[in-house]
Amino acid sequence: HGTSQINAAGRLEIGGCDTAELAARFGTPLYVFDEALIRRRCREFMDAFRATGLRFQVAYASKAFCVMAMCRIAEEEGLSLDVVSDGELYTALRAGFPADRIHFHGNNKTPEELEMAIDAKIGCIVVDNFTELYMLNEIAKEKSARVSILFRVTPGVEAHTHEFISTGQTDTKFGFDIGNGSAFRAIREAVSLSNVDILGVHSHIGSQIFETDGFKLAADRVCDFAQNVRKELGVTFPVINLGGGFGIRYTEGDTPLPVGQYVQAITDSIKAKLAEYDYPMPEIWIEPGRSIVGDAGTTLYTIGSTKDIPGVRKYVSVDGGMTDNPRPALYDAKYEAFLANRANDPSEETVSIAGKCCETGDMLIWDLELPKTKPGDLLAVFCTGAYNYSMASNYNRLRRPAVVFVRDGEADLVVRRETFEDVAGKDVVPERLRKQA
Ligand code: LLP
């Protein structure tokens, strides 16, 4: 998919770059991003919204993969940006991302984070709870600033891949519950606060969702809530944000819809519901993360040791693992892979791909069909663009890999590989523990 293909030398090529050459030049493990595919995904969302004729924002949920080069692409493609920490906000600002198109999420923003956001004059803060609402108003008052806010509400819909659960009251750390009246109380409170401007409501129902039913139900409930607020409090929302969660295809079993169908389901539901109420059409916002960058990322590993347990299993180890991709260990996530340097070779055996970390759970893929491998072969694991680099760690003091963007035969380094100094250089040995000369 994307610009990936097998070249005349029988090697995987992404963005016109031979992956064996990338591995030789940048080392492994290596995250390779197909820039054209990232841009295509951005455009699919933007085009789907443009076709509706509505006012909208597509905010890239940067938690999926937050580096400065990615912020640049999001801006160039006309997206907004969702950040959830001072670190993500810092990255975005440092990349020159327009502050007025940044939205700040999170269930426990610190006073320092709120100050930073206000000082930077970001577009809006998505208020998550009462503590934050009052604290934000106080900080804004001290700074004589006005802050636009969305309220994160929980509509009682929880969605994962094919199923969604409709729960009366949601037991979650996030947001104000619509069902038990806390969302309504939050808006009523905010009306009387001096330094916040109510921009609207936000809901996010889950991640890696393949169906539209959960989004439609959430849209209905959010619109019902909006109407209730208008009727009771006289507040009309200029914005309704339905969050992210659009699924991608990691393996054959995954069946996401084309991006446009999610957008259409959301906008159609909101339009229909608000028409019933004769409610002025707000701006519609969404926040895709995984579906922007997930399938654009491929991780290249060098194969090292193998362990064959006759009649049981053959383990093939690579030079990375749960440090660069914690998703299999954390979520039992499944990935597809093949040999990048011998992409046309037929499969000969079933092996399991192990990482190099010192724990049994560090397995990347169970039961993968591969040609017989030898040390030095290159393994490409697909769909590693979202929640891989952003969730990477230094466990076992491994150095985090480099990240490159490829397109039109050019490869650009966007994050350099960590050095030993990056790993141990922050350590401080107290005087009394220092080794005597
Ligand atoms: N908006 C909000 C408020 C969110 O909490 C999230 C994701 C998104 C947008 C973006 O969702 P996406 O379009 O990427 O599904 N680490 C997990 C995923 C956690 C998602 C958390 N929130 C994983 O690796 O699967």
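The values are calculated or read from the model by the stated rules, or taken from the named source; none is laboratory data. From a predicted model like this one, the values you see are computed outputs, not experimental measurements. Don't worry about glycine lacking a Cβ; one is built from the backbone with ideal geometry, like all the others, and counts go over all protein chains shown.
So for the range 172-195 (the condition being under 18 Å from residue 284 (Cα atoms) and within 16 Å of the ligand (Cβ to nearest atom)), does at least one residue qualify? Spell out the reasoning first.
Filtering the range 172-195 down to residues under 18 Å from residue 284 (Cα atoms) leaves none.
The answer is no, given that none of the residues of the range 172-195 is under 18 Å from residue 284 (Cα atoms) and within 16 Å of the ligand (Cβ to nearest atom).
Residues in the range 196-214 that are more than 12 Å from the ligand (Cβ to nearest atom), in contact with a helix residue (DSSP H, G or I) (Cβ under 7 Å, 6 or more places away or on another chain) and among the hydrophobic types (A, V, I, L, M, F, W, C): 3 in all.
Would you mind stating whether residue 164 is aromatic (Phe, Trp, Tyr), within 20 Å of residue 229 (Cα to Cα), crowded, with 17+ Cβ neighbours inside 10 Å and within 16 Å of the ligand (Cβ to nearest atom)? Break it down stepwise before answering.
Values: aromatic (Phe, Trp, Tyr): yes; within 20 Å of residue 229 (Cα to Cα): no; crowded, with 17+ Cβ neighbours inside 10 Å: yes; within 16 Å of the ligand (Cβ to nearest atom): yes.
Here the answer is no, as residue 164 does not meet what is asked.
Report yes if some residue within the range 77-88 is more than 19 Å from the chain's Cα centre (by Cα), in the same structural domain as residue 46 (by TED's automatic domain parsing) and either charged (D, E, K, R) or within 16 Å of the ligand (Cβ to nearest atom) (or both); otherwise report no.
Within the range 77-88, none of the residues are more than 19 Å from the chain's Cα centre (by Cα), in the same structural domain as residue 46 (by TED's automatic domain parsing) and either charged (D, E, K, R) or within 16 Å of the ligand (Cβ to nearest atom) (or both).
Residue pairs whose Cβ atoms lie under 7 Å apart, separated by 6 or more positions or on different chains, with the first residue in the range 193-209 and on the phi > 0 side of the Ramachandran plot and the second among the hydrophobic types (A, V, I, L, M, F, W, C) and near the ligand (Cβ under 8 Å from one of its atoms), do not occur.
Taking the range 368-425 as the region of interest, how many residues are more than 16 Å from the ligand (Cβ to nearest atom), in contact (Cβ under 8 Å) with a residue 24 or more places away in the chain and either closer than 15 Å to residue 337 by Cβ or not hydrophobic (A, V, I, L, M, F, W, C) (or both)?
The number of residues fulfilling the criteria is 26.
Search the range 229-252 for residues being away from the ligand (no atom under 16 Å from the Cβ) and out of contact with any helix residue (DSSP H, G or I) (no Cβ under 7 Å at 6 or more places or on another chain), and hand back the single one that is nearest to residue 52 (Cα to Cα). If we take residues in the range 229-252 being away from the ligand (no atom under 16 Å from the Cβ) and out of contact with any helix residue (DSSP H, G or I) (no Cβ under 7 Å at 6 or more places or on another chain), then 238 is nearest to residue 52 (Cα to Cα).
What tally of residues in the range 215-224 results from selecting those that are surrounded by 24 or more Cβ atoms within 10 Å (Cβ to Cβ) and more than 16 Å from the ligand (Cβ to nearest atom)? Lay out the reasoning, then the answer.
Going through the range 215-224, the residues surrounded by 24 or more Cβ atoms within 10 Å (Cβ to Cβ) turn out to be 215, 218-219, 222-223.
Among the residues that remain, those that are also more than 16 Å from the ligand (Cβ to nearest atom) are: 223.
Final tally of qualifying residues: 1.
Taking residues in the range 334-359 that are without any contact (Cβ under 8 Å) to a residue 60 or more places away in the chain, and partners anywhere that are in a loop (DSSP other than H, G, I, E, B) and among the aromatic types (Phe, Trp, Tyr), not one pair has Cβ atoms closer than 8 Å while being at least 6 places apart or on different chains. Of the helices (runs of 4 or more DSSP H) lying entirely inside the range 88-202, those carrying at least 3 residues that are over 30 Å from residue 67 (Cβ atoms) are 130-142, 182-191.
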